[in-house]
Amino acid sequence: GAVVSQHPSWVICKSGTSVKIECRSLDFQATTMFWYRQFPKQSLMLMATSNEGSKATYEQGVEKDKFLINHASLTLSTLTVTSAHPEDSSFYICSARTRGAAINEKLFFGSGTQLSVL
Amino acid sequence: AQSVTQLDSQVPVFEEAPVELRCNYSSSVSVYLFWYVQYPNQGLQLLLKYLSGSTLVKGINGFEAEFNKSQTSFHLRKPSVHISDTAEYFCAVSSSTSGTYKYIFGTGTRLKVLA
């Protein structure tokens with residue numbers, strides 16, 4: 001089946017630094033990618049939706065200047081957490097949707113990135 | 001606006017016993033319904049989905065779910081669970097807004113299968 005590769009799987013950084021998370025669709029073209037954030041024992045919260053070649057659409061309450069999303073190609077989207085602080089520590093998951101218009105498309109998830117900001 | 005409610009945060013069950021994980025949703029438009037499973041430190045895997053047609057949907061690993069429009073429910077069931085089914089299960093709904101499908105997830109149910 002289709003594979004979404006998310007890297008890194010775990011990152012620890014100092015407060016104030018920036019962290020980039022990559023999400024790649026390995027064997028299909030992802031016209032749309034979604035970025036989620038998951039706190040312990042909670043559900044996935046949609047942060048933003050990105051379509052290839054256009055600006056990401058952020059959910060209410062998500063700071064677009066803090067969580068920079070780039071979807072430059074049909075196989076790669078990146079999430080950069082800028083000037084990370086301890087409250088940004090969380091599990092971040094990307095998902096990718098295949099090209100086409102129908103809801104029959106599947107949503108494929110990356111394996112997630114655990115970000116710990118010290 | 002759409003929402004998804006998973007009534008049980010944790011469900012302990014003995015191995016080989018049946019299990020039902022509950023999911024209720026609310027939406028003013030037609031929705032598509034999904035169940036995903038998440039193992040520790042991993043992303044989500046699709047178990048099954050309801051798009052249209054038969055209200056009883058069969059998925060992978062022996063799971064099935066039934067869409068009940070009148071009760072706005074999409075409960076997940078398995079007649080006999082295994083230790084390996086221990087995981088977090090998420091119900092999700094999706095509908096189109098201006099041509100873009102958004103997925104809204106429930107808070108998850110932790111299934112703990114006991115030996």
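The values are calculated or read from the model by the stated rules, or taken from the named source; none is laboratory data. A quick note: this is a predicted structure, and the numbers were derived from the prediction, not measured. Positions of Cβ are backbone-derived with ideal geometry, glycine not excepted, and every protein chain shown enters the neighbour counts.
Can you confirm whether B:SER95 is more than 14 Å from every other protein chain (Cβ to nearest Cβ) and either part of a strand (DSSP E or B) or farther than 30 Å from A:GLN6 by Cα (or both)? So B:SER95 fails the test.
Any chance you could count how many residues in segment A:64-73 are of a type outside the set (Gly, Ala, Ser), surrounded by fewer than 19 Cβ atoms within 10 Å (Cβ to Cβ) and under 14 Å from the mean Cα position of the chain (by Cα)?
Taking segment A:64-73 first, the residues of a type outside the set (Gly, Ala, Ser) are A:64-71.
Filter once more, so that each one left must be surrounded by fewer than 19 Cβ atoms within 10 Å (Cβ to Cβ): A:64-66, A:68, A:70.
Keeping just the survivors that are under 14 Å from the mean Cα position of the chain (by Cα) gives A:64, A:66, A:68, A:70.
Number satisfying all stated conditions: 4.
The one condition from (1) assigned to a loop (DSSP other than H, G, I, E, B); (2) β-branched (Val, Ile, Thr); (3) in contact with a strand residue (DSSP E or B) (Cβ under 7 Å, 6 or more places away or on another chain); (4) farther than 30 Å from B:TYR50 by Cβ that A:THR17 does not meet is (3). The single residue among B:SER27, B:SER9 that is over 30 Å from A:ARG24 (Cβ atoms) and more than 10 Å from every other protein chain (Cβ to nearest Cβ) turns out to be B:SER27. In segment A:18-33, the residues that are within 20 Å of A:LYS55 (Cβ to Cβ) and in contact (Cβ under 8 Å) with a residue 24 or more places away in the chain reach residues that are acidic (Asp, Glu) and surrounded by 15 or more Cβ atoms within 10 Å (Cβ to Cβ) with C-beta atoms within less than 7 angstrom, at least six apart or across chains, in these pairs: A:THR31/A:GLU52.
Looking only at residues in segment A:74-95 that are of a type in the set (A, V, I, L, M) and assigned to a loop (DSSP other than H, G, I, E, B), which one is farthest from the other protein chains (Cβ to nearest Cβ)?
Quick first cut of segment A:74-95, residues of a type in the set (A, V, I, L, M) only: A:74, A:76, A:79, A:81, A:84, A:93.
Then keep just the ones that are assigned to a loop (DSSP other than H, G, I, E, B); that gives A:74, A:84.
On the way: A:LEU74: 17, A:ALA84: 20 Å.
Out of the qualifying residues, it is A:ALA84.
Among the residues of segment B:43-57, is there at least one that is in contact with a strand residue (DSSP E or B) (Cβ under 9 Å, 6 or more places away or on another chain), away from chain A (no Cβ under 12 Å) and assigned to a loop (DSSP other than H, G, I, E, B)? Looking through segment B:43-57, at least one residue is in contact with a strand residue (DSSP E or B) (Cβ under 9 Å, 6 or more places away or on another chain), away from chain A (no Cβ under 12 Å) and assigned to a loop (DSSP other than H, G, I, E, B). Is it true that B:LEU44 is more than 10 Å from the chain's Cα centre (by Cα), under 22 Å from A:GLN38 (Cα atoms) and hydrophobic (A, V, I, L, M, F, W, C)? So B:LEU44 fits the description; yes.
Restricting segment A:1-59 to residues that are of a type in the set (D, E, K, R) and under 23 Å from B:ALA87 (Cα atoms) leaves a set whose member that is surrounded by the fewest Cβ atoms within 10 Å (Cβ to Cβ) is A:LYS41.
Residue-by-condition table, conditions (1) at pLDDT below 95; (2) within 22 Å of B:SER95 (Cβ to Cβ); (3) not small (Gly, Ala, Ser):
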residue: B:GLU15; (1), (2), (3): no, no, yes
residue: B:SER27; (1), (2), (3): yes, yes, no
residue: B:GLN38; (1), (2), (3): yes, no, yes
residue: B:THR55; (1), (2), (3): yes, yes, yes
residue: B:ASN61; (1), (2), (3): yes, no, yes
residue: B:ASN68; (1), (2), (3): yes, yes, yes
residue: B:THR72; (1), (2), (3): yes, yes, yes
residue: B:SER80; (1), (2), (3): no, no, no
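The number of residues in segment A:21-73 being of a type outside the set (Gly, Ala, Ser) and not in a loop (DSSP other than H, G, I, E, B) comes to 25.
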